Amino acid sequence: MKKGFVFDLDGVITDTAKFHYIAWKDLASSLGITIDEQFNETLKGISRMDSLDKILAYGQRENDFSLAEKEELAQKKNDEYVKLLANLSEKDLLPGVHDFLVQAKKQQIPCSIASASKNAPMILEKLGVLDFFGHIVDPESLKKGKPDPEIFIKAAKSINVDPKDAIGFEDAQAGIEGIKAAGMYAVGISATEELKGADLQVRSMTELTFEALINN
């Protein structure tokens, strides 16, 4: 029986990808770089600075900025993103998420968040589900980003669960790879792409049967 749940945030709990896209697109445009939604898909699940590096490389401007300047650019993007999140509320939870978290609480199965987003606490609070999570991994504390398993191992240990006794939920390929490398059971959530290596893939959390999942 599984003893803990580890969740990615964007694309699993809520979908803030559209806000990330608007903010990155605006920043790229200010630098003379044009990105589209297809390129934005390559930024899923990776950190803010890694995303910026990918955009600069895409626009062949990777050597044009100092680290301090890049940090300023990343902050500018985040400031716009946070403004776009101002109206986020419980209605923005993805289907099935609230019911699943209620079930987990009833069964006393601890939950944690493994997200590259530094805004995770604020987002979860706006969604009205912050209290369901025992711990949120601070991405600043990580040496490596996904697909490295570090974030998932930390997330499981933070709720006193051995990774092999945990289930990880992800919507991105890099995340699934990280979950599997951590020794966890991986649930992929995507209606648009095949997540290779996932033990189970569903289009949304409404398709999950709670009891069957924890007893797998």
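The values are calculated or read from the model by the stated rules, or taken from the named source; none is laboratory data. Every value quoted in this text rests on a predicted model; they were computed, and no experiment measured them. Ideal geometry is used to build each Cβ from the backbone, glycine not excepted, and the neighbour counts take in all protein chains shown. Only protein heavy atoms, including side chains, enter the accessible area calculation; ligands, DNA and RNA are left aside. Shrake-Rupley method; radii C 1.70, N 1.55, O 1.52, S 1.80 Å.
Each residue in region 86-98 was checked for being without any contact (Cβ under 8 Å) to a residue 40 or more places away in the chain and open to solvent by 60 Å² or more (accessible area, probe 1.4 Å), and 4 of them qualify. Taking region 42-58 as the range and being β-branched (Val, Ile, Thr) and open to solvent by less than 10 Å² (accessible area, probe 1.4 Å) as the test, only Ile55 passes. Please verify whether Ala74 is touching a strand residue (DSSP E or B) at 6+ places or on another chain (Cβ under 6 Å), surrounded by fewer than 20 Cβ atoms within 10 Å (Cβ to Cβ) and not basic (Lys, Arg), treating the condition exactly as stated. No.
Considering only region 128-149, state which residues are closer than 20 Å to Gly197 by Cβ and under 14 Å from the mean Cα position of the chain (by Cα). Within region 128-149, Gly145, Lys146, Pro147, Asp148, Pro149 qualify.
Within region 36-58, the only residue that satisfies the criterion of being touching a helix residue (DSSP H, G or I) at 6+ places or on another chain (Cβ under 7 Å), over 21 Å from Pro139 (Cβ atoms) and not aromatic (Phe, Trp, Tyr) is Glu37. Kindly indicate whether Asp64 is charged (D, E, K, R) and without any contact (Cβ under 8 Å) to a residue 60 or more places away in the chain. Yes, satisfied.
Lys3 satisfies every condition listed in (1) over 23 Å from Leu142 (Cβ atoms); (2) in contact with a Pro (Cβ under 6 Å, 6 or more places away or on another chain); (3) not polar (S, T, N, Q) except (2). Restricting attention to region 11-41 and to residues that are within 15 Å of Ser190 (Cβ to Cβ) and assigned to a loop (DSSP other than H, G, I, E, B), the residue that is most open to solvent (accessible area, probe 1.4 Å) turns out to be Asp15. Contact annotation: residue pairs with Cβ atoms under 7 Å, 6 or more positions apart or on different chains, pairing a residue in region 17-45 that is closer than 14 Å to Asn78 by Cβ with a partner that is basic (Lys, Arg) and open to solvent by less than 70 Å² (accessible area, probe 1.4 Å), are Ala23/Lys77; Trp24/Lys77; Leu27/Lys77.
Residues that are open to solvent by less than 10 Å² (accessible area, probe 1.4 Å) number at least 2 in the following strands (runs of 3 or more DSSP E) confined to region 106-216: 111-113, 166-170, 185-189. The sole residue among Val129, Val102, Val82 that is within 20 Å of Thr16 (Cα to Cα) and modelled with pLDDT of 95 or more is Val129.
Taking region 67-85 as the range and being without any contact (Cβ under 8 Å) to a residue 60 or more places away in the chain and either under 30 Å from Glu207 (Cα atoms) or within 17 Å of the chain's Cα centre (by Cα) (or both) as the test, the residues that pass are Asn78, Val82. Out of curiosity, is Asp64 at negative phi and either surrounded by 15 or more Cβ atoms within 10 Å (Cβ to Cβ) or in a loop (DSSP other than H, G, I, E, B) (or both)? Spelling it out, Asp64 is indeed at negative phi and either surrounded by 15 or more Cβ atoms within 10 Å (Cβ to Cβ) or in a loop (DSSP other than H, G, I, E, B) (or both).
When Glu69, Glu80 are checked against the criterion of being open to solvent by 60 Å² or more (accessible area, probe 1.4 Å) and in a helix (DSSP H, G or I), Glu69 stands alone in meeting it.
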